[in-house]
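Just so you know, all these numbers are worked out from the coordinates, no wet-lab data involved. Computed from a predicted structure; not experimentally measured. Positions of Cβ are generated from backbone atoms using ideal geometry, with glycine treated the same way; all protein chains shown enter the neighbour counts.
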Amino acid sequence: MSGSRAVFVAAGGTGGHLFPAEALSAALAQHDVPVELVTDERALKYGASFPARAIHTIPAATPTGGSIVSKAMSVLTLGRGTLVARSLLKRNEPLCVVGFGGYPTVPPVLAAAILGVPTILHEQNAVMGRANKFMAARVTQIATGFAQLGGVPDPIRQKAQHTGNPVRPAVIEAARIAYPGFEDGRSRLLVTGGSQGARVMSDIVPPALELLPTEMRGRLVIVQQARGEDEERVAAAYRRLGIAAEVAPFFKDLPARMAQAHLVIARAGASTVSELAVIGRPSILVPFPFALDQDQAANAAHLAETGAACVIKQADFSPQWLAARLAEDFGDPQGLTRRAQAAKSAGIPDAAERLAQLVLRIARIAPSE
């Protein structure tokens, strides 16, 4: 159907960008469309199992923050990356280039636009990020993770089509797991800070659990993601408190861990919010407060509107507040179950296929039967 030509997906080297790219790639494989990944060096630790027939790394940098000199060097690196990407695309003649945000996607998407290759940007967040905003006027189509897209003018919004955020096959598998009951007397809590962890979770959650009544603390089962430098102190705190806990910097099976949880404490990245919705789990969300565009706050608000999530500003996220909230939540199993159902009602489990259909249309690929 498509010969040896492929769809190129461009995604920066964090899980938040790579996971939806992985989901799209799996969906395109169902239509016999080959995929190749264009990324930066950071992605190599995530990309080993990426469903692509080839992975290309190109120079990239982020020209925000830092000194004037570092910003200038970043711009030069992006320029060099665009030249490398242009040569790569000319050699391979991709059917389409799909960018998933972050500055590492700028060189391949910009090069594709220059060469006249069909281009799609996927914006995961409820507010458009700066890299995507830079490229939005140049691309063929924009796919959005949320129904409302903030931070863009009307001409850009008119290019947008709501597909939802693609979730990995592992998330779809986890979504088949029913919300766990409370018959065994255990209260299962998952704490995660996104693919790179969040120190605030390590600082706040253990002392919050220490404030809980002894009987409630004894029922807890904790799975917590912590940065490598925080892992031992968090694990030691739980050992001292006699709390059953598994602490690690990264869980490859995080969707399954999410499905096993009664409640999730997390940041509010687009992938996390979308996975919570598709799997259907209640949450306490602490948006990253230093984002220039406040995208996580907008993502969290979307889930909070359904009643599934409680959103708290990081400045107010104290051990005392969290202990009181957890006591309230775990003291109301029926309320947690209702919030799980509310989360599930907001999920878009077929977002990857919706985006794949958009790619097939923009790239003029006949869908496979």
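Computed extension length for Gln334-Ile114: 73.7 nm, one decimal, from 0.36 nm per residue of separation with the Cα-Cα distance subtracted.
So how do Thr82, Thr39, Thr192, Thr64 line up by other beta-carbon neighbours within 10 Å, fewest first?
Values: Thr82 20, Thr39 29, Thr192 26, Thr64 11.
Ascending number of Cβ neighbours within 10 Å: Thr64, Thr82, Thr192, Thr39.
Which whole-number percent is the relative contact order of the chain (Cα, under 8 Å, 6+ apart)? Relative contact order here is 17 percent. The three principal axes of the C-alpha atoms in the chain carry coordinate ranges of 65, 53, 39 Å, sorted with the longest axis first. Per-residue Cβ neighbour counts within 10 Å put Ile55, Ile312 in the sequence Ile55, Ile312, beginning with the fewest.
Sparsely packed loop sites in segment 285-369 (the trypsin sites (Lys or Arg not before Pro) outside DSSP H, G, I, E and B with at most 15 other Cβ atoms within 10 Å) comprise Lys313, Arg364.
Given Cβ point charges of +1 (Lys, Arg) and -1 (Asp, Glu) and nothing else, what value in debye, to the nearest 20, does the dipole of the chain about its Cα centre take? Numbers along the way, then the final one.
Values: 37 positive and 31 negative charges, 161 e Å.
Dipole size: approximately 780 debye.
Listed by chain and number, the lysines whose alpha-carbon sits under 20 Å from that of Lys252, ignoring those within fewer than 8 places in the same chain, are Lys45.
Segment 172-345 has equivalent-ellipsoid semi-axes of 21, 19, 16 Å, by the square roots of 5 times the alpha carbon gyration tensor eigenvalues, sorted largest first. Magnitude of the charge dipole for segment 172-345, about its Cα centre and with charges confined to Cβ atoms of Lys, Arg (+1) and Asp, Glu (-1), is about 220 debye.
Working out 0.36 nm times the residue gap between Ala315 and Asp253, then minus their Cα-Cα distance, what length gain in nm do you get to one decimal? Write down the numbers at each step before the final one.
Details: separation 62, 0.36 × 62 = 22.32 nm, distance 3.04 nm.
Full extension of this stretch gives 19.3 nm more.
3J(HN,Hα) couplings calculated from phi for segment 200-205 with the Karplus curve 6.51 cos²θ - 1.76 cosθ + 1.60 (θ = phi - 60°) are, in sequence order, 4, 5, 5, 7, 9, 5 Hz; Gly and Pro show x.
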